[in-house]
1. Given N residues in segment 159-222, what is Rg(Cα) / (2.2 N^0.38 Å)?
2. Between Lys30 and Ala93, with labels modelled 7 Å along Cα→Cβ, what's the label distance in nm to one decimal, could you check?
3. Given the pairs Lys51/Lys212; Lys136/Lys239; Lys190/Lys212; Lys51/Lys190; Lys51/Lys136; Lys2/Lys293, which are separated by over 31 angstrom at their Cα positions?
4. Have a look at the DSSP beta bridges in segment 81-321 and tell me what percent are antiparallel, nearest 5.
5. How much accessible area per residue does the chain have, in Å², with a 1.4 Å probe?
6. Can you give me the relative contact order of segment 2-72 as a percent, contacts being Cα pairs under 8 Å and 6 or more apart?
7. Work out from phi, with θ = phi - 60° and the Karplus expression 6.51 cos²θ - 1.76 cosθ + 1.60, the ³J(HN,Hα) of each residue of segment 320-326, listed in order in whole Hz, and give x for Gly and Pro.
8. Above 17 Å lies some portion of the pair distances; for segment 2-72, what is it as a whole percent of all C-alpha pairs?
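The values are calculated or read from the model by the stated rules, or taken from the named source; none is laboratory data. Remember, it's a predicted structure, so these values are computed and weren't measured experimentally. Here Cβ is always computed from backbone atoms with ideal geometry, including for glycine, and neighbour counts include all displayed protein chains. Note: areas computed on protein heavy atoms with side chains; ligands, DNA, RNA excluded. Shrake-Rupley method; radii C 1.70, N 1.55, O 1.52, S 1.80 Å.
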Amino acid sequence: MKLVSYKTEDREHLGIFINGHIYNLNSCDKLLPDNMNDFLQGGEVLMERAKKVDVQIKDGSLQAKEEIFYEILAPVPHPTSCRDGYAFRQHVAAARRNRKVDMIPQFDEYPIFYFTNHNAIQGTGDIECMPDHFDKLDFELELAIVIGKKGRNIKAADADEYIAGYMVMNDMSARTLQMEEMLLNLGPAKGKDFSTVIGPWLVTPDELEKYKVPAKDGHVGNAYDLKMTCRVNGIEVSKGNAADMDWTFAEIIERCAYGVDILPGDVIGSGTVGTGCFLELNGTGLLNDPDYKVQWLQPGDVVEMEITGLGALTNTITKAETDFSILALKK
């Protein structure tokens, strides 16, 4: 099942996406809420009711009216929190090699994550950036999960049960802001807090069963053979696979939930897949060729990320009409 959040006029709604059409869940079953947050709070009971509607529309036993005039939103427009992990060893190793530092051994000891701005979540559409963001503006190709039920001190062996669904994620990054502030051993903050993109819909785990593969040796949890690609202005710049995650989402959840509650509506990203950002691609290119032409996102660029089974997430980069600069405020 593919769950989608959308807007008609000034109201947000919850629907299911079937064969290119959106159907409002509340119109099909009055016991289902008309927004994603309330739906996720209802846990497995509401999820099963929604799946029943999905089956009935697909087999023709329920004649539902499709939505026509709408604006697609992020599948979870108002997440309770947003964390981002660091699960792909290939990306971490390449980024460190490009900086001429050794691979950090702690990567293989435990999964890590940081909190980003859950109020800057976006879906398909324009991403408005400030002038300073364009000083090495970057994408990050990731996949993400949303938590479907409350839990605490969850073991990795049980953690996949807490996943309501999967999405494509683009963890937008302003690299100059990020690198400057992290010299003080705190962050990332301003380099990341302006936009995190998820979408185009939330895909329930049952739809990914056919892609399931074993987790890497020594790891616990579900893993999936999902091709990941990013195109900028129609040109493929990045490709990887979700099966290359070294740390599984189950293991990341185990760490996230240690001593604290995870809640329905929490979003957790995987971290960048190998080759999944210009920072890594530029660094590798310059390492191999001093004359390599680096690339960063520019106003007007169209970024399209696609993951097998999860759909394509498309955004256009736009520039705010201002000359306000926080980089210019440095003492």
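1. On the way: Rg = 16.7 Å, N = 64, 2.2 N^0.38 = 10.7 Å.
Rounded to two decimals, the normalised Rg is 1.56.
2. If labels sit at Lys30 and Ala93, their model points lie 5.9 nm apart.
3. Values: Lys51/Lys212 21 Å; Lys136/Lys239 21 Å; Lys190/Lys212 36 Å; Lys51/Lys190 39 Å; Lys51/Lys136 43 Å; Lys2/Lys293 40 Å.
Correct reply: Lys190/Lys212; Lys51/Lys190; Lys51/Lys136; Lys2/Lys293.
4. Counting DSSP beta bridges with both partners in segment 81-321, the antiparallel share is about 80 percent.
5. About 47 Å² of surface per residue is accessible.
6. With pairs under 8 Å counted, the relative contact order is 33 percent.
7. 3J(HN,Hα) across segment 320-326, in whole Hz: 5, 7, 7, 10, 5, 10, 7.
8. Values: 855 of 2485 pairs.
It works out to 34 percent of all Cα pairs.
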